[in-house]
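These notes concern the structure reproduced below.
The values are calculated or read from the model by the stated rules, or taken from the named source; none is laboratory data. Since the model is a prediction, treat every value here as computed from it, not as a measurement. Glycine gets a Cβ as well: all are built from the backbone with ideal geometry, and neighbour counts include every protein chain shown. For accessibility, only protein heavy atoms count, side chains too; no ligands or nucleic acids. Shrake-Rupley method; radii C 1.70, N 1.55, O 1.52, S 1.80 Å.
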Amino acid sequence: MKEKIRKMLEEALPLVDFDSDFLFSELDSLGVTTILMLLSDEFGIRLEAEDATPRNLRSLDSIVNMVETKLGGK
């Protein structure tokens, strides 16, 4: 799942370093919105503004964890 998410996000946001431990600091509001929309569409989960926290978007691993948590709650 991690590699699938990485590939999808790197294609949409090629200037963002998804290996960064401070990923959230590299994102602007459009980047955050893009991530939430792509993941919502791809995995059929509901991601909202409340999910766009520094904790959830800190790294690729935290993004994967957020998706897995949402999938588990479906």
**OP:** First select every other residue whose beta carbon is under 13 angstrom from the beta carbon of MET1; then total the charges, Lys and Arg +1, Asp and Glu -1.
**Re:** +1
Subject >> Relative contact order (%) - criterion: Cα under 8 Å, at least six apart; region: the chain >> reply: 35 percent
Original post:
With the other protein chains left in place, how much accessible area per residue, in square angstrom, belongs to the chain at a 1.4 angstrom probe?
Top reply: 63 Å²
Original post:
Which far-off residues, 5 or more places away or on another chain, put their amide H under 5 Å from the one on VAL16, with H placed in the peptide plane?
Top reply: none
Original post:
How large, in percent, is the carbon and sulfur part of the accessible surface of the chain at a probe radius of 1.4 Å?
Top reply: 52 percent
Original post:
Around SER25, with a cut-off of 15 angstrom between Cβ atoms, what is the net charge of the other residues, counting Lys and Arg +1 and Asp and Glu -1?
Top reply: -3
Original post:
In nanometres, what is the gap between the two model label sites at GLU26 and GLU48, each 7 Å from Cα along Cα-to-Cβ?
Top reply: 2.9 nm
Subject >> ³J(HN,Hα), Karplus 6.51/-1.76/1.60, whole Hz, each residue of region 45-56, x for Gly, Pro >> reply: 10, 9, 10, 10, 4, 5, 7, 7, 9, x, 5, 6
**OP:** Per residue of region 14-30, in order, report the coupling 6.51 cos²θ - 1.76 cosθ + 1.60 (Karplus, θ = phi - 60°) as ³J(HN,Hα) in whole Hz, putting x for Gly and Pro.
**Re:** x, 8, 8, 8, 7, 8, 5, 7, 10, 3, 4, 5, 8, 9, 9, 4, 5
